[in-house]
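Please read the structure below before turning to the comments.
The values are calculated or read from the model by the stated rules, or taken from the named source; none is laboratory data. Values in this document were obtained by computation on a predicted structure and should not be read as measured data. Cβ placement follows ideal geometry from the backbone for every residue including glycine, while neighbour counts extend to all protein chains displayed.
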Amino acid sequence: MKSTGSTSFGATVSRGVVAGIAGTAVMTAFQKLVEMPITGRGESFAPADFARVLPIEAKDEHQRRQLNWVTHFALGAMWGSAFAIADRAGLHGQKAIATVFGVVYTGDVLLNTALGLYEPTKWSAGELAIDVVDKLVQAEATGVIFDRMQEL
């Protein structure tokens, strides 16, 4: 693995953003091809709902779907940025994945709960498991991609 000391912080964050977008694509494929067919869960508009914190309003279903996708991948890019911070703190591999997952997932649930978008105390064990597994797939994919990009 290359030393991060010779890589600028901007380059490390850029690598994280790309890895986060790619990791989100992996999670999305997992959701659409594996999780949703098994669980019967429908499409989530949680990212579009979260985007209400921005001065953007979807005027129709098409715009809501577009906003959902843009926000979905933007949030993934932020997960990737967290890997850049972990990298700078000397965390790599599974230690980075576990740390980023713990911090970002907890922050995600707390923020969405504070915004009134989530009610985790009312989630069933199955709903909690789906949320954790989907986002763990994202964290694992993002972390692996982030580390592999460093080797290039």
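Is it the case, given these coordinates, that residue 93 is touching a residue at least 60 places away in the same chain (Cβ under 8 Å) and within 20 Å of residue 27 (Cα to Cα)? It is false that residue 93 is touching a residue at least 60 places away in the same chain (Cβ under 8 Å) and within 20 Å of residue 27 (Cα to Cα). Selection of region 132-152 for residues being exposed (fewer than 13 other Cβ atoms within 10 Å of the Cβ) and either at positive phi or touching a residue at least 12 places away in the same chain (Cβ under 8 Å) (or both) yields only 151. Look at residue 58 and say whether it is over 18 Å from the mean Cα position of the chain (by Cα) and hydrophobic (A, V, I, L, M, F, W, C). Judged against the criteria, residue 58 is a match. The residue pairs whose first member lies in region 8-23 and is under 19 Å from residue 138 (Cβ atoms), whose second member is in a helix (DSSP H, G or I) and β-branched (Val, Ile, Thr), and whose beta carbons are closer than 7 Å, counting only pairs six or more residues apart or on different chains, are 19/142; 19/145; 20/142; 22/145; 23/142; 23/145. Every listed requirement among (1) of a type in the set (Gly, Ala, Ser); (2) touching a residue at least 12 places away in the same chain (Cβ under 8 Å); (3) not in a helix (DSSP H, G or I) is met by residue 58 save one, (2).
Of all the residues in region 62-102, those that are in contact with an Asp or Glu (Cβ under 8 Å, 6 or more places away or on another chain) and outside any helix (DSSP H, G or I) number 1. Scanning region 120-131 for residues that are loosely packed, with under 10 Cβ neighbours inside 10 Å and either among the polar types (S, T, N, Q) or assigned to a loop (DSSP other than H, G, I, E, B) (or both) gives 121, 124.
Looking at region 48-97, which of the residues that are among the polar types (S, T, N, Q) and closer than 25 Å to residue 136 by Cβ is surrounded by the fewest Cβ atoms within 10 Å (Cβ to Cβ)? Of everything passing the filter in region 48-97, 94 is surrounded by the fewest Cβ atoms within 10 Å (Cβ to Cβ). Looking only at region 141-152, decide whether some residue is over 14 Å from the mean Cα position of the chain (by Cα), at pLDDT below 95 and not polar (S, T, N, Q). Yes, because at least one residue in region 141-152 is over 14 Å from the mean Cα position of the chain (by Cα), at pLDDT below 95 and not polar (S, T, N, Q).
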